[in-house]
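All of the numbers you see were taken from the coordinates with simple rules; none came from a lab. Given the structure is predicted, the values throughout are model-derived calculations rather than measurements. For neighbour counting, all protein chains shown are included, and Cβ atoms are generated from backbone atoms with ideal geometry for every residue, glycine included.
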Amino acid sequence: MSATFLGMPPFPEAAKRAVEDSRTRHNLHKATHTIRAKRTRVVDELGDDWQRLRAEGERIKTHTLRHLDHYLERLEESVQRAGGTVHWASDAAEANAIITRLIRRTGETEVVKVKSMATQEIELNNALEAAGITAYETDLAELIVQLGEDLPSHILVPAIHLGRAQIREIFLQRMGEWGRPAPPDLTDDPHALAEASRVHLRELFLRSKVAVSGANFAVADSGTLLVLESEGNGRMCLTLPETLISVVGIEKIVPTWSDLEVFMQLLPRSSTGERMNPYTSTWTGVTPGDGPQDFHLVLLDNGRTDVLADTVGRQALRCIRCSACLNICPVYERVGGHAYGSVYPGPIGAILTPQLQGMASKVDEALPYASSLCGACYEVCPVAIDIPEVLVHLREKVAESKGHVSEKALMAGAEAVFGSATALDAVQRAAGLARGVVPRHLPGPAGKWTDTRDLPDVPARSFRQWWNEREDGR
Amino acid sequence: MTNGSRERVLARVRAALADVPADEPVERRPSERPYAESHDAGPTLDVLVERLVDYNALVRRVAPDRVADEVAAALERCGARRILVPAGLPEEWLSRTSVERVVDSPEDPRDVAELDSADGVVTACTVAVAETGTIVLDGGPDQGRRALSLVPDHHLCVVRADQVVDSVPQAVRRLDPLRPLTWVSGPSATVDIEMIRVAGVHGPRTLEVVLLDPDA
Ligand code: SF4
């Protein structure tokens, strides 16, 4: 059985444990700092245009969300016109039932999968397993997580918490149970590890008849879906099988093909810190004689309409899952992805998960407190989601609800992260700064939360200065 | 079940958007494109070559009349004996090589085992993007089915100078979304182990580009 986030402790406890795990911290520190530097380089390369692209990305997504019913119907029409079949799922159970039925119809008992947050969210692999269908993850990091019976800890690099030596161990011990074993003389050189995954999956790709994918974008006017990837496992899954089932959240829509002029610049630079990711596949319905001849799009709600109904929280649906906010976050860097107890970790997880699932559980109501409100996530977000604003908004909701855990207890998570209340103060001071940089922070009712607390005077240093000093002093 | 869900989801979306004024226009004005056309990175072909090399692609920049010699030399260098060829590839490009050709077309496709046993593939492209070092294939007759440029370990792609644009927006405008597109930026790679780009996972481990430059 695959691992699940169910039964995870709430953030303050989980954070404390994670901070104590020095190996996780080391791996995370190394990986997040590497990718931050790469991102900065390729973003700076575009000069002033970056902020214009960012504003345009925000505008396109906001516009789409405000007319989502229209664009959903248009997407459906376009996909059908191009020979695809469209299914609608209001929750995880419905989505899993649809996908299981589609796979059963083919008579196959195994499917290859391209990394997809949506299928993790609905725990598709477990549902398929219960139906006697084996789902093989083919993205290298997903493969590592699946073989290791571990949980993803990052949106883009689910195995970011693991170093090369740990990955080697997992490959040596577990690959044989799933297919072709790793070579016994496997080293921990990343090239050797990548080669082992190539050999392990090769035969599976060549024989598979059914694939399940997500999509980074769905274009309403043309009916085109896009998958951005690095390894070529996406291309294998999207090209070689006879049947393709794509599970796509309803917020993934962009209105027109030309909107990709913006997002194909924003996403690769923000996520892997490259000018362009190695491979992007786009497909529109079915192309006779090329690729899967049976294509199904499953449009997934699963709580997204609840997020949409909240006029402050709605902006979380703009997210293009680049993971830049995770990589920059001082809390994420210390606690890692597992502490958030959700498939969506880091700053975006802290605002998305409680909204998707509601804040009924202790785990979910602690999430809006899994932050120091320093504002770095907002600065890097390519679609300008004001994560601190939504966090404060959600804290208000928690505070208003009856019988909630005291705020002090929830804040303990942040204290665990930064070692002491003094350290936390320092970060909160920076939060005041971020608000200075971004004047529209905390307007209206959201101001209530901050009004009851003493915000220190805004120091004269810039946020970036503070940030760099903080980095140097480590 | 699905039909009921469709109405349910759409109704929930509409209810969630109760705050959006009914007369707010759905269509946007086309003039609202405030970002740059391109980023002045330098002479187009120079930039393309530099960025491809940055991804560890092999690049040869030659005069158009040298194409057959370069293709032959490239196939010789990698020791290819059997190569895949999309049915619409210009005959002339292969006029100087004697390697065995396996011709594929949507009407007469090779099976996966045959694709897998080839040493490489030669294709054209439809657009190349200098700023990002990207080559786009659109499944045209000189590029073939998507599987062709995916399964073999070596991809040799011939790019004409007039196919190269500076930027992503310019490329998007040239592309037809109704065709299946593959955007390739360097050979297959992964960053999944400690965020280090390692070349060579499931796609071709070698990407070789022959750039036809009339001024070369
Ligand atoms: S919230 Fe913004 S920065 Fe974070 S993953 Fe989403 S798009 Fe990227």
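Compute all pairwise cysteine Cβ distances in the protein assembly as shown, then list the cysteines with no distance under 4.7 Å to another cysteine.
Here A:237, A:319, A:322, A:329, A:374, A:381, B:78, B:125, B:157 come out as lacking a disulfide-compatible partner, given the Cβ-Cβ threshold of under 4.7 Å.
From the residues A:206, A:143, A:107, which one has its Cα farthest along the dipole of the stretch A:100-213 in the positive direction, the dipole being from +1 and -1 charges on Cβ of Lys/Arg and Asp/Glu about the Cα centre?
A:107
If amide H atoms are built 1.01 Å from N in the plane of the peptide, which residues on other chains or at least 5 residues away come under 5 Å of the amide H of residue A:253?
Placed amide hydrogens put A:218 under 5 Å from residue A:253.
Below 8 Å, C-alpha to C-alpha, sequence gap of six or more: please give me the relative contact order for the stretch B:97-216 in percent.
RCO, the stretch B:97-216: 28 percent.
Between the stretch A:183-260 and the stretch B:76-144, how far is it from one alpha carbon centroid to the other, in angstrom?
22
Treat every Asp and Glu Cβ in the protein assembly as shown as -1 and every Lys and Arg Cβ as +1, leave all other atoms uncharged, and give the resulting dipole magnitude about the Cα centre to the nearest 20 debye. Walk me through the numbers on the way to the answer.
On the way: 77 positive and 99 negative charges, 247 e Å.
Charge dipole, the protein assembly as shown, about its Cα centre: 1180 debye, nearest 20.
Using the basic label-point model (7 angstrom from Cα toward the beta carbon), what is the residue A:204 to residue A:77 distance in nanometres?
4.1
By DSSP, what percent of the beta bridges with both residues in the stretch B:95-186 are antiparallel, rounded to the nearest 5? Display every interim value, and only then the final one.
Values: 6 of 11 bridges.
Taking every DSSP beta bridge with both residues in the stretch B:95-186, the antiparallel ones total about 55 percent.
Among B:189, B:149, B:204, which residue has its Cα furthest toward the positive end of the charge dipole of the stretch B:43-212, with +1 on Lys/Arg Cβ and -1 on Asp/Glu Cβ?
Among B:189, B:149, B:204, the one farthest towards the positive end of the dipole of the stretch B:43-212 is B:189.
Which of the helices in chain B, when you take each full DSSP H run, stretch at least 20 Å along the axis at their Cα atoms and have an average Kyte-Doolittle score of -1.0 or higher?
Long hydrophobic helices here: B:2-16.
Can you pull the one-decimal nm distance between simple spin-label points at residue B:26 and residue A:41, each 7 Å off the Cα toward Cβ?
4.5
Can you flag which of A:61/A:362; A:30/A:115; A:61/A:397; A:113/A:397; A:30/A:252; A:113/A:362 are past 27 Å Cα-Cα?
A:61/A:362; A:113/A:397; A:30/A:252; A:113/A:362
Assuming 0.36 nm per residue, please report the length gained on full extension of the stretch residue A:293 to residue A:30 beyond their Cα-Cα distance.
Contour length minus the Cα-Cα distance gives 90.4 nm.
Counting other beta carbons within 10 Å of each residue's own, what order do A:50, B:183 fall into, fewest first?
A:50, B:183
Kirkwood Rh over Cα pairs of the protein assembly as shown into Stokes-Einstein at 20 °C, 1.002 mPa s: D in µm²/s? Intermediate values should be presented prior to the final figure.
Details: Rh = 25.9 Å.
Stokes-Einstein gives a translational diffusion coefficient of 83 µm²/s.
How much of the DSSP bridge set in the stretch B:43-212 is antiparallel, in percent, rounded to the nearest 5? Don't jump to the answer; show the numbers that get you there.
Numbers: 8 of 32 bridges.
If I count the DSSP bridges inside the stretch B:43-212, around 25 percent turn out antiparallel.
Over the Cα atoms, compute the radius of gyration (one decimal) and Dmax (the largest Cα-Cα distance, rounded to a whole number) for the stretch B:55-110, in Å.
12.4, 34
Rounded to the nearest 20 debye, what is the charge dipole size of the stretch B:43-212 about its Cα centre when +1 sits on each Lys and Arg Cβ and -1 on each Asp and Glu Cβ? Display every interim value, and only then the final one.
Working: 18 positive and 27 negative charges, 27 e Å.
Roughly 140 debye, rounded to the nearest 20.
I need to check one value: relative contact order of chain B, counting alpha carbon pairs closer than 8 Å and at least 6 residues apart, in percent.
Answer for chain B is 25 percent.
With 10 angstrom as the radius, rank A:390, B:184 by how many other C-beta atoms surround their C-beta, starting from the fewest.
A:390, B:184
Counting DSSP beta bridges with both partners in the protein assembly as shown, what percentage is antiparallel, nearest 5?
Here the share of antiparallel DSSP bridges comes out near 30 percent.
Determine the calculated [θ] at 222 nm for the protein assembly as shown from helices alone, applying -39500 (n - 2.57) to every DSSP H run no shorter than 4 residues and normalising by the residue count; nearest 500 deg cm²/dmol.
Estimated from H runs of four or more residues: -13000 deg cm²/dmol.
Let me have the relative contact order for the stretch A:229-344, percent, based on Cα pairs under 8 Å that are six or more residues apart. Could you put the intermediate results ahead of the total?
Details: 101 pairs, mean separation 39.7, N = 116.
RCO, the stretch A:229-344: 34 percent.
What ³J(HN,Hα) values, in whole Hz, does the Karplus curve 6.51 cos²θ - 1.76 cosθ + 1.60 give for the stretch A:210-222 when θ = phi - 60°, with x put for Gly and Pro?
So the Karplus estimates, Gly and Pro as x, are 9, 10, 10, 9, x, 7, 7, 9, 10, 9, 5, 6, 9 Hz.
Inverting the mean 1/r over all pairs of different Cα atoms, compute the Kirkwood radius of the stretch A:107-185 and quote it in Å.
Working: mean 1/r = 0.0755 Å⁻¹.
By the Kirkwood definition, the hydrodynamic radius is 13.2 Å.
Set Lys and Arg Cβ to +1 and Asp and Glu Cβ to -1, take the dipole of the protein assembly as shown about its Cα centre, and tell me which of A:197, A:64, B:86 lies farthest positive.
Result: A:64.
Averaging over all projection directions, find the projected area of the Cα convex hull of chain B and quote it in nm² with one decimal place. Kindly include the intermediate steps, with their values, before the conclusion.
Working: hull surface 71.4 nm².
So the Cα hull casts an average projection of 17.9 nm².
How do B:202, A:63, A:29 rank when sorted from fewest to most other Cβ atoms within 10 Å of their own Cβ?
A:29, A:63, B:202
Any idea how far apart residue A:165 and residue B:111 come out in nm if each label point goes 7 Å out from Cα toward Cβ?
Calculated label separation equals 4.7 nm.
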